[in-house]
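Reading through the structure tokens given below for one structure.
What follows is calculated from the coordinates using simple rules that are stated; it is not laboratory data. In this text the structure is predicted, and so the values were computed from the model without any measurement. When we count neighbours, we look across all protein chains shown, and the Cβ atoms used for this are built from the backbone with ideal geometry, even at glycine.
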Amino acid sequence: MNKLMVFGVVFVAALLGLTWVIAGGQMGDDIVNKLAMLGAVATATIAIFVALKYIRQMQTDKASGKLADENWDGIGEYKNELPFGWAVIFLGLNIWAIWYFLAGYPVNAYSQIGEYNEDVAAHDAKFEAQHANMDEETLKEMGGSIFIVQCAPCHGLQADGIDGKAANLTVRLEEKTIKHVINNGQGMLGYPAPMPDRNGLMNMNTNALITDAEIDAVAKYVAGGMKGTEGADVFAGTCAACHGPDGKGMEMVAPSIADFNPTLVADVLKHGKKGAIGAMPAFNNLTEVQVKALGAYVTDLSK
Amino acid sequence: MFHWLEKHPFFFAVAVFVVISFAGLIEILPNFAQASQPVVGTKPYSTLELAGRHVYIKNSCNACHSQLVRPFKSETDRYGHYSLSGEYAYDRPFLWGSKRTGPDLMRVGNYRTTDWHENHMKDPAAVVPGSIMPAYRWLFKNTADIDTAYAEQVTVNKVFAVPYNAEIPMADGSKSTVKLAATLEEAHADALEEAKAIAADMKDQDVKDAVAAGQIPEIVALIAYMNSLK
């Protein structure tokens, strides 16, 4: 055993001793700690003896072999064989590169949109599981929060239309709106036949086109919640044919003008609207559940 | 070859650069070329919309409003589909913005209307409680600069081959054409035609009178631009 070897053994012992002094007290019974200690012993030993091998090689090796053609101001270079390990790594990298080029990058690469899609799918699944069977109260509550985000910018937080800037949703119809619809017709809600303008509205009682006075009367009547007698006959003669005697509408014919209902809200959200006040865009980005929730909330507003 | 390269450091450096760039080039370039194509349904701006875009830039709307919807659930719920690079094909310059003091406007045309913009620009706090956006009342008085908008249209058409007067495929399979007027007078007439349709939905009598008299207030151009953001 020469001097270098002795130094190596002493150095390994010193390293391990130091490790034991620092960490030995915390070993306990944990198998993981013992494995780590074993790893430390192995690492220190291998590192020191590999280093020793090369130090000794440097001390004893003589230059030999065939010189390469190039020389730089008299300094030459031996032609050495490529170390075996390097050759293996090089070939391995070639194979990996082909895999990465053909499959790794195009198929398995990280994509921001992929992560987004997973996010949305996970969220939707959770949402659907949570809201599979909602009672009316939860629906209304959900509708309320959607209303604040999607509807309140135009209809106002109180749903009053902010001083006539949008439709007032706390009442079904206002006089101004009713007159506008009677005068101009309406065909935006997706019913098979649009409502004609005043030149197509007959009053069955008088067998003539609806008149200005009759429009005033029926507008007041409908806006007032269809109470009283004034305008009732005009309503019965003109509007009831499509909107029903109670104004609640008929399926596939006309919407309710007596109150809001979820179907009407869904229709407006789907098609948008343009009326006396201005235009409302369609809101097709809402999910089915959200439309249902808004329907419940808006229906409840005017009750 | 290699021996030669070893003796010529400059060309060696060039060769190293080419080898290192190669992977980057084949990964980035094809993707980039594909993504920068206009998305189906993206149209160039009409004269009035472009004039409105100039109003938007002039008033630094982009200092507070971004035009970039990021691919996060919370953003797409509020603003609509996330932005694609091909959607900015005709934006010169793009108006992505870097800070959202106000909301994103990338798709504002989908959920706001002419009358809403009119009310909002006059008095933002009246429509959105607690809004800190200032009122932009001068837009109702200033006249939009159609000349510059038309000049830009002609320039981008000639220099960047922006497809005016050409059929553009739309998302629903139909074709759409954006007109580039032959003369400045024609451009003014076309812009006025567009402005009339927007003014019809507005309530401000001064604006209506101005449009009827052949003037186009800045607010009309800006609303045309806002409505085109979809």
Review point. If you take the charge dipole of segment A:215-303 about its Cα centre, with +1 on Lys and Arg Cβ and -1 on Asp and Glu Cβ, which of A:Gly247, A:Ala232, A:Val298 is farthest toward its positive end?
Key: A:Val298
Study note, to complete from the structure: Taking the reciprocal of mean 1/r across every pair of different Cα atoms in segment A:123-240, the Kirkwood radius in Å is 17.0
Practice item. Provide the per-residue ³J(HN,Hα) series for segment B:44-58, in order, calculated from phi with Karplus coefficients 6.51, -1.76, 1.60 and θ = phi - 60°, each as a whole number of Hz, with x at glycine and proline positions. Key: x, 7, 6, 4, 5, 4, 5, 4, x, 5, 5, 4, 4, 6, 4
Study note, to complete from the structure: Percent of all alpha-carbon pairs of segment A:248-303 at distances over 14 Å, whole number, is 57
Review point. Hey, fewest Cβ within 10 Å first, where do B:Leu184, B:Leu192 land in order?
Key: B:Leu184, B:Leu192
Review point. So what are the ³J(HN,Hα) numbers for segment A:83-90, from phi and the Karplus equation (6.51, -1.76, 1.60; θ = phi - 60°), rounded to whole Hz, Gly and Pro as x?
Key: x, 4, x, 4, 4, 4, 4, 4
Study note, to complete from the structure: Quotient of Cα radius of gyration and Kirkwood radius for segment B:89-222, i.e. Rg/Rh, equals 0.99
Exercise for review: Taking the Cα centre of the protein assembly as shown as origin, sum charge times position over the Cβ atoms of Lys and Arg (+1) and Asp and Glu (-1), and report the length of that vector in debye to the nearest 20.
Suggested key: 1400
Study note, to complete from the structure: segment A:39-190, convex hull of Cα, quarter of hull surface, nm² -> 26.8
Review point. Give me the Kirkwood hydrodynamic radius of segment A:173-258 in Å, from all C-alpha pairs, to one decimal place?
Key: 12.6
Review point. What percent does the relative contact order of segment B:92-139 come to when contacts are Cα pairs within less than 8 Å and at least six residues apart?
Key: 24
Exercise for review: Any chance you could list P(r) for chain A, counting all Cα-Cα pairs in 10 angstrom bins from zero, rounded to whole %?
Suggested key: 5, 16, 15, 11, 8, 6, 6, 8, 9, 8, 5, 3, 0
Practice item. Go from 0 up to the bin containing the longest alpha carbon distance in chain B, width 10 Å each, and give me the % of pairs per bin. Key: 7, 27, 30, 18, 8, 6, 3, 1, 0
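Given 10 °C and 1.306 mPa s, how large is the Stokes-Einstein diffusion coefficient of the protein assembly as shown in µm²/s, with Rh as the Kirkwood radius over Cα pairs?
The estimated diffusion coefficient comes to 52 µm²/s.
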Review point. What full-extension length gain, to one decimal in nm, is calculated for B:Cys64 and B:His3 as 0.36 nm per residue of separation minus the Cα-Cα distance?
Key: 16.0 nm
Revision key, fill the gap. With -39,500 (n - 2.57) per DSSP H segment of 4 or more residues and division by the full residue count of chain B, the 222 nm estimate, nearest 500 deg cm²/dmol, is -15500 deg cm²/dmol
Study note, to complete from the structure: Calc'd 3J(HN,Hα), segment B:119-125, phi into Karplus 6.51 cos²θ - 1.76 cosθ + 1.60 (θ = phi - 60°), Hz, glycine/Pro = x, comes to 4, 5, 5, 6, 7, x, 5
Revision key, fill the gap. Here the FRET efficiency for B:Met170 versus A:Thr211, based on Cβ atoms and R0 = 51 Å and rounded to 0.05, is 0.65
Exercise for review: May I ask you to sort B:Arg100, B:Arg78, B:Arg107 by Cβ crowding, counting other Cβ atoms within 10 Å and putting the fewest first?
Suggested key: B:Arg100, B:Arg78, B:Arg107
Check your understanding: Cross-link partners among lysines for B:Lys73, C-alpha distance below 25 Å, same-chain residues fewer than 8 apart left out?
Key -> A:Lys126, A:Lys140, A:Lys270, A:Lys292, B:Lys99, B:Lys230
Review point. So which chymotrypsin sites (Phe, Trp or Tyr not before Pro) in segment B:98-176 end up in coil per DSSP with only 14 or fewer other C-beta atoms within 10 Å?
Key: B:Phe160
